[in-house]
Amino acid sequence: MEKILVTSALTYANGPLHIGHVAGSYLNADIFVRYCKLKGKDVIYIGGTDDYGTPISIKAEEEGVEPRIIAERYNKSMKKDLDGLNIELDNFSGTSRPEHIKISQDFFTNLLEAGYVTKKALHQFYDEKHKRFLADRYVEGICPHCKSEGARGDQCDSCGKLIDSINLIDPKSKLSGEKPVIKETTHWYIDLPKFEKQLREWFQTKKYWKDNVLNFIMSWLNEGLIERAITRDLDWGIPIPLENTEGKVLYVWFDAPIGYISSTMEWAKKQGKPDLWKEYWLNPETKLIHFLGKDNIPFHTIIWPAMLSKQKDKYVLPYDVPANEFLNLEGQKMSTSKNWTVWVEDYMKYFDGEYLRYYLAANAPETKDSDFYWKDFQNKINNDLSNVLGNLANRTFVFAKKYFDGKIRRPEKHSKLSDKTLKESYKLVEFTDKSFNNYQVRKATKIVMDIARSGNKYFDETQPWNKIKTNKDTAEETLYVCTELLRMISIAFSPIIPKAMKELRKMMNLSEDFKWEDIKQIHENFEIGEVSPLFKKIEDAEIEKQLELLKATQIKEKEKMEHKPEITFEDFEKLEMRIVKILESENIPKSNKLLKLKVDIGGEERSVVAGISESYDPEELIGKKVAMLINLKPRKVMGVESQAMVLAAEDDGNFSVLVPHKNVKEGSEIS
Ligand SMILES: [Zn+2]
């Protein structure tokens, strides 16, 4: 039988799981795997944590513990969060486990021996204070491509481009906060240009890949492939398998995808068949499908297939890479460093995991970025799950219990309307089959919900509450059709909200063991069991609470002070600061931030431009004595020369000039 191997991008073990991970690579994979299992396919679902790399070692340094402790902690917490969301991987491993080390070293050796790895001396940033080379994320600066601040030494979060840290503008060491120096070191590179022809030919066979993925690849290829370093100077990582290379480890992006293989090996061992992994990885017929976020596209479509293709063992290459775009939060780009996200462990304290599954499925960032809005989350849960699907089940079952003791028979003859309702639903379910197969979760979600909608409409039109008084059989017919729709829904929706659909089937006394094909298996008689509401409505207050919590984390984040590198007393003595008296003050035309001041610095007048006009009317400053930095190099601002700088405190965009506590004469020096 055809084998399917599904992976979710390994998540960095430097923090807990958040909704971006779920929407990017876990939920879509889990839904696809559940669908494949329903179709009776031979599928395994593999994942784990990416335990190496600088984010983890940086966190370990901050906490003063071993990196391994950090990796193990977040591996455990992520597994727990995934369980809470009913995301069921067949194996969830971590790349710091022993299985992973040898195979990663073999990948390196095989590529080297096949002539696809080169060794180079190069210049790299070095922190003199800490006596260490600064691997990728240990340096930050301005992105050389898009000029965004806060770009890391390996990649820019704003434009997604990979960066050679040496090209960062205004670089700073994360260790000392100082500007690093440049020193020579040696590293090994994968010779990607050598793969270009082979890759281009391979992409010709991948016309069925998603547009966003193909576009990304083409723009990468057209910029030209370059050799990429596959080793780093770092303590935390897989040592490279060569003599005299102490302190050099594999670059985390090199060994991370190999984690899919080592995790499969771990799975095989747990099955008691250690060689079972080969039936997937070394089988040209296996459909290897990588689910991931768009930032991971280049690694999985260019570098990873290149690595796989030059091993001694003949590995299968990716069959498909259905990458998702990004999920934003409340209209803003998600950022874990700024705590602008929803952590799954926090979410689970308040809401059912099924609700998040439904919302993220209905809102999946499949072809473009999508947004998580708490208010929209509430609307979708209340309007769709509760008012449509929950309502259809509840009204049908309660009615059946009340008038038919829960026993619903299939009518011998259908009305035209009943016939139409059923037929249309069977047709719709076939569409969801295609959607699931094409990873179109959003579409599948909408179609199944449409079936429930048509059920409610049909219920309203046939009015069983009236018919029960005049024609009991017609009322029963309505109940039969609605229950039959709910039976179909319980299968078609089970990849998306598995737990709720299990409950729904229990109410209908249907087996827990079912297949996709059962959808078409017309059911004769139903016997409704215990009935309880499938979904609970979310109250306004619950959503307001989430928005408040989100706001609170932002205030806390803001209050986290960023300190500048320390300076000496001699540095401080270079500043000439004095109390000055403001003589004149006026707005600068065409500027809504700037004031033009004339000040007396103690017998000498200066003209000063100050960016405080949003906080002060010009007149209220006249006659005030304020603190000022006198010896700042003069500069022209909007045509006005500024010969000093007003000292002011800023509180969330609000400026307050500093005034002396006692009356002192202008020109008094501040020290
Ligand atoms: Zn950039």
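Summary table
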item: Along principal axes, Cα extents of region 373-527, largest first, whole Å; result: 46, 35, 28
item: Tail weight of P(r) past 19 Å, computed on alpha-carbon pairs of region 223-317, percent; result: 52 percent
item: J(HN,Hα) series, region 399-411, from Karplus relation 6.51 cos²θ - 1.76 cosθ + 1.60, nearest Hz, glycine and proline x; result: 5, 4, 5, 5, 9, 10, 6, x, 9, 10, 9, 6, x
item: D (Stokes-Einstein, µm²/s), Kirkwood Cα radius, region 488-552, 1.002 mPa s at 20 °C; result: 150 µm²/s
item: Cysteines without a disulfide-compatible partner [the chain; Cβ-Cβ under 4.7 Å]; result: Cys36, Cys482
item: Other-chain or far-sequence residues with amide H under 5 Å of Ile528's (modelled H); result: Lys407, Ile408
item: Protection-proxy order for peptides 476-489, 158-171, each taking the mean of Cβ atoms within 10 Å per residue, highest first; result: 476-489, 158-171
item: Cα-only radius of gyration and Dmax that characterise the chain, units Å; result: 31.7, 107
item: Packing rank of 436-445, 534-543, where each peptide gets the mean count of other beta carbons within 10 Å, highest leading; result: 436-445, 534-543
item: Anisotropy class of region 534-597 from Cα gyration tensor, a/c 1.5 cut; result: oblate
item: Flagged links, alpha-carbon separation over 25 Å, of Lys131/Lys338; Lys80/Lys278; Lys338/Lys633; Lys76/Lys338; Lys446/Lys537; Lys287/Lys312; result: Lys131/Lys338; Lys80/Lys278; Lys338/Lys633
item: Highest average packing first - 384-395, 16-27, Cβ atoms within 10 Å; result: 16-27, 384-395
item: Long-range Cα-Cα pairs in region 569-670 (distance over 18 Å), rounded percent; result: 45 percent
item: Charge dipole of region 569-670 about the Cα centre (unit charges at C-beta), most positive-ward option of Met577, Leu595, Pro660; result: Leu595
item: Estimated vicinal HN-Hα couplings, Hz - region 114-130 in sequence order (Karplus 6.51, -1.76, 1.60; Gly, Pro = x); result: 7, x, 10, 10, 10, 10, 9, 8, 8, 9, 9, 5, 9, 8, 5, 5, 9
item: Over 30 Å (Cα to Cα) - which of Lys183/Lys564; Lys407/Lys502; Lys41/Lys416 fall in this group; result: Lys41/Lys416
item: Range of Cα positions in region 110-232 per principal axis (Å), largest first; result: 52, 36, 17
item: Ellipticity estimate at 222 nm from DSSP helix runs (n ≥ 4, -39,500 (n - 2.57)) divided over the chain, nearest 500; result: -11500 deg cm²/dmol
item: Loop trypsin sites (Lys or Arg not before Pro), region 49-156, which have at most 15 other Cβ atoms in a 10 Å radius of their Cβ (DSSP); result: Lys129, Lys131, Lys147
item: Rounded to the nearest 20 debye, dipole of region 373-527 from Cβ charges on Lys, Arg, Asp, Glu; result: 320 debye
item: Cross-link partners of Lys423 among aspartates and glutamates (Cα-Cα below 13 Å; sequence separation of 8 or more within a chain); result: Glu484
item: Aspartates and glutamates with Cα under 20 Å of Lys625, excluding same-chain neighbours fewer than 8 positions away; result: Glu576, Glu584, Glu586, Asp600, Glu604, Glu605, Glu614, Asp617, Glu650, Glu666, Glu669
item: Likely footprinting exposure, Trp281, Trp220, fewest C-beta neighbours within 10 Å first; result: Trp220, Trp281
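Only the coordinates and a few stated rules stand behind these numbers; no lab work does. Please read all numbers here as calculations on a predicted model, not as lab measurements. A quick note on method: Cβ atoms are made from the backbone with ideal geometry, for glycine too, and the neighbour counts reach across all protein chains shown.
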